[in-house]
Every structure is written in structure tokens, then in C-alpha cells.
Amino acid sequence: MRAAPATDEVVPAADEVVPAADEVLAADELLVISMSDLPTELLQHIVIQASSNVLEPRSAVCLSSASKELRGSTHAVRQQLQADHEEVLELCLKVGMRSCKQLREAKTIDLRGKDLSAADVALLGTLGAVLPALQSLTLFAGKAAGLEGVQRLAAGLGAGALPAVTHLSFACTRVDEAGSSALASALDRGALPRLATLNLSSAAIGDAGLVALAPALRRMPALEHLILPGNPLGDAGLAALVPPPPAAGAPPPPHGGLTKLKLLNLSETQITDASCTTLASVPYSRTLPALERVVLSGTPAGGAARAAVKRAYHGAADGARPRSTCRIE
């Protein structure tokens, strides 16, 4: 039998001053009296807003008791909140957490080895605004939560969602073009504002997927590590991410984007000599000014083309480019 989820009741510390029961009652009565003076429409709006946090439903329940009329008019809202809260409690158990409080305060969520459905992953996406402590999220989806799960997770991420997440991994999870587009839309809405590491290893991302995702990535101010090995992407995808050198007589490519990128891992992809030509132009154009490591192993690019990239980064400074310490592998 599955263990019942632990309650979210906070146990006070030994030296913490806890108000007496009559003091708490007096405070609640004061809240109800002051709330009852507000227009009913405003009170309904406040309760509805509070009910959006399914991890902490008690606030909405308490607010709805401001008046008998308000309690009656928000009955359906409270019923839905209860159902949603119970669903989230089930999700907590599936991801290995015993309570909503533990999920709310989690800094790391690692879903590898968890038996999640696409609906479970979608539900997690809707919680992005109420997980302020989360710093690392790893999704390793099985068949049930593969491509559809990635899309539905991204669809639930609104503006400012997952505000503290710096590491996001969809490694070995089928993302494809549709998932890439959904993730790009989430980033464009303002989700994951502090994202520094994006791991999309073996995620079935081809050229179309990277073309869809690249503009959003170029607008991510904190992105430092972009990990793309094992994907079928090629020269067209990389060109969307890193502008190729301009033709003779054409103006230089615009600056901006990926200014903090330190690692670009393209191993086991389908990039060719053409992409190496683009990468060799980076030290001159300063498109990726913070770049420290590029991984090209296992690609169709020839040895001479990869050597040209190394020379571009490690050649003597000649005024057009600084000497670089970037590692080319």
C-alpha cells in the first residue's frame, strides 16, 4: 500500500515563540472582519488568485471564509483546488518527495528512473511559478513521457517560471523539432531567466529543431554551457546558432547573443567542414567572446577543417584576433 503523503504542517523550533490558540483566532477574526469590508467581486478575485498555488491551498481556503457569500460563490474554485492539490500530492510521491512542502523547497529534481506519464510531466510544468528554490531539473523520459511530455512541460512554463533554475537537462529524451519549438516559446515568454546549462544530448534534434530553438537561446543572457552531442543536427542548424562569416564585401554579422557561452559541445553530430569554417571565424568576429571549449569529436568534419579551427583560436595575435585559450577537441 502506498504511504500517505506527509502533511505540510510546519513544526516550530524549540526556541520559537508560538502564539496561543486564542491569539491565532483573534488574528483570523480580524482578517475576516477587514476582508468583509471589501467588494465581493474583489474578494472573489483574491481567492481565485490564491487558488493558483496548488502547493499551498490553505491561503485560498482561509481567504474564502471572509464571508458566507464569498464561501458560497467560491465553492467550485475550492473544489477544483482540492482536486488539483491531491493530484500534485500524487506527483510528489512519484518523484520521490513526501509532501508539497518538500517539493516547494527542493533545489534539485531528478526524474531519471521515475515512471512518469506525459500528464505528470505537464503537471510539473504548471508548477514552475511556485518552485522558487529549484536550481536543477533533469528529465529522462521513457516512452510514455517522451516527445509529448517535453512539449507539455514547456507549454506550462509561463513568464518567470522556474526563476532560480540554472541547469536543465533533457538528455536522452526525445525533444525533436516540436519539443524544440515548445521550449523556444517558453524561453521567449520569459521562463528560465537564469538558465546557465542546457543539456540536450541525444535528444533527436535535427537542423529544423535547432533552427527553431536558436533565436531563443541567443537571447538567454546567462547561458554558459550548451550540450548537444548525439543529435542529427548539421551545418544549417549551427548556422542559426552561430552566424557564418559574411561574404566578401558584406557587412559583418551583428554582435550580441551567447556572450557568456563557455562550452559548445557538438560531438557526434552531423556538422561538416562548412561548420568548421564558421567556427574558425568566431575569434575574428568575436561572436562568442567567452568561449572556452568546443567539442567536435565524432563529426563528419575532416581533420584539416578541425585543425583550421584550432589554428584560428591558437594562432599568434595579429591585431584582428586575440590569442585564445579555448580548447578545441
Among Glu87, Glu105, the single one that is at pLDDT 90 or above, within 23 Å of the chain's Cα centre (by Cα) and under 23 Å from Gly158 (Cα atoms) is Glu105
Does the stretch 205-218 include one or more residues that are under 13 Å from the mean Cα position of the chain (by Cα) and within 26 Å of Arg286 (Cα to Cα)?
yes
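If you check Leu213 against the conditions, is it assigned to a strand (DSSP E or B), assigned by TED's automatic domain parsing to the domain that holds Pro289, under 16 Å from Leu168 (Cβ atoms) and in contact (Cβ under 8 Å) with a residue 12 or more places away in the chain?
No: the conditions fail for Leu213.
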Across (1) assigned to a loop (DSSP other than H, G, I, E, B); (2) at pLDDT below 95; (3) over 21 Å from the mean Cα position of the chain (by Cα), Ser267 clears everything bar (2)
Here the residues within the stretch 161-174 that are farther than 15 Å from Asp110 by Cβ and at pLDDT below 90 are Arg174
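The values are calculated or read from the model by the stated rules, or taken from the named source; none is laboratory data. No experiment lies behind these values; they were computed from the predicted model shown. Cβ sites come from the backbone with ideal geometry, for glycine too, and all protein chains shown count toward neighbours.
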